[in-house]
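First the structure, in the form of structure tokens, and then the observations on it.
What follows is calculated from the coordinates using simple rules that are stated; it is not laboratory data. Predicted model, so just to flag it, every value in this text is computed and none were measured. Here the Cβ positions follow ideal geometry from the backbone for every residue, glycine too, while neighbour counts run over all protein chains shown.
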Amino acid sequence: MSTRKPAKQSRVPTTRVGRLVRLGFTAGELAVGGVTEGVRRLTGVTPEDAVNVFLTAANAQKLAKRLANMRGAAMKMGQVISMEGVDIIPKEFSEALAILRDSANTMPDSQIRRVMGREYGKGWEDRFEHFDFEPIAAASIGQVHRATTKDGRDLALKIQYPGVAKSIDSDVDNMAMFMRMANVLPVELDIDGIIAEAKRQLRQEADYNIEAEYLRDYRELVRDEDRFLVPRVHDDYTTKHILAMDYVTGLPLESLGEDGVSQEIRDSVGTLLERLMFRELFEFRTMQTDPNFANYFYQPDTDRIVLLDFGSTITFKKAFTEKYRDISRALIQDDDDAVLHYAETIGYLDPGDSPAHAWRILEMIQLICEPIRQDSVYNFGNSDMTARARDQGLEMALKSRGELRSPPPETVFLHRKLVGSFLLCARIKARVNVQALILEHL
């Protein structure tokens, strides 16, 4: 795995009371910051300012700092907000929360020892020739350590933060309270379905035996594509809270966006990632829905992409994926009536919605599906589509009050994949004929 700058260490709060207290401090900070910002804006409030005085860069930085310290479901929800709300929350807020997609604080050594002892038993150190206490990666649910077994296997151990599994419901409920309080999605939305889906998915992510099974399955799904590498699972070192995999090395995927990298490589990798996304949706009906930059490595010597972290993997029903096949076909054919029809079957529209709101939804769908509607190579690096979608989303929030609703719960993690894949290709400055790739499945 790639090298990383040592992260800040902090003990993971493990009790529900302790985690609630941390969020309580955050509530107070946001409230004070919101009042201060509100006073500042009294001299001239613009429509965008009126969305919510809590949505400031300073408040977002405070929230990100707290969530990085808490980790677990609270931090995961912050990651989802940063990506799911990319089209309707202020740029400064989404950018501040975006740091949660790349890093988290790490556990102190004493806490790591207790977790290892609980999972492997007394004398766990004797199972290893070497165990590196300095993590090579840290995220919302766990952190990764390199270790060598007595029989010479080079492993990456993903160690779950203590208390994460037990705090999922309370963390998600508390984050939902903040979303309502701070009006992160700047309209009155019923997010109960999304909350339930988030809890379900996070409970799955907290069981590393389930992730291990997805890892094994995914290795089989992509075995026909030799440019993908999925680490093997080592069952004898895997538990519900520790996932043992092959240790692999590679460059951070985003390094392909740096000066000196050929456009040919960027385009090739972007095409590979986009093709995989469509195969996941339409062919495998199994999708890794967390396209965090840290979940991919690039191996320049072999021109392969390493796929990591299958905790947030979803299996779709055929009827669900068929709806997206239908709406994609309608978008490419510029059939507005058909797009609106399939938008209603998916749940983006309600039969009772006004024509004006339906038109705004149509325009938003057409905008965010710009890459598949363009019958030519799409330049992700030069695209300002996310900024235009954010502006259009803010306008929709103001004009469609009372009609704008949260997306269907079953689409939330698919949306995260779609947004994240776009951001990946934009970061590496890829140029891809996206329409040609999706047409293979229509």
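Taking a ≥ b ≥ c as the square roots of the eigenvalues of the Cα gyration tensor of the stretch 197-314, is the shape rounded (a/c under 1.5), prolate (a/b larger than b/c) or oblate? Judged from the Cα gyration tensor, the stretch 197-314 comes out prolate (a/c at least 1.5, a/b above b/c). Counting every other Cβ atom within 10 Å of each residue's Cβ, 213, 119 order from fewest to most as 213, 119. Dipole orientation for the stretch 187-317: of the candidates 210, 308, 257, 210 has the Cα lying most toward the positive pole (charges on Cβ; Lys, Arg +1; Asp, Glu -1). When the square roots of the Cα gyration tensor eigenvalues are ordered a ≥ b ≥ c, the ratio a/c for the stretch 233-299 is 1.5 or more and a/b does not exceed b/c, which makes its shape oblate.
Neighbour counts of C-beta atoms inside 10 Å place 321, 249 in the sequence 249, 321, starting with the fewest.
Take every Cα pair under 8 Å in the stretch 313-432 that's 6+ residues apart, average their separations, divide by the length, and report that relative contact order as a whole percent. Please report the intermediate quantities before stating the final value.
Numbers: 79 pairs, mean separation 32.5, N = 120.
This gives 27 percent for the stretch 313-432.
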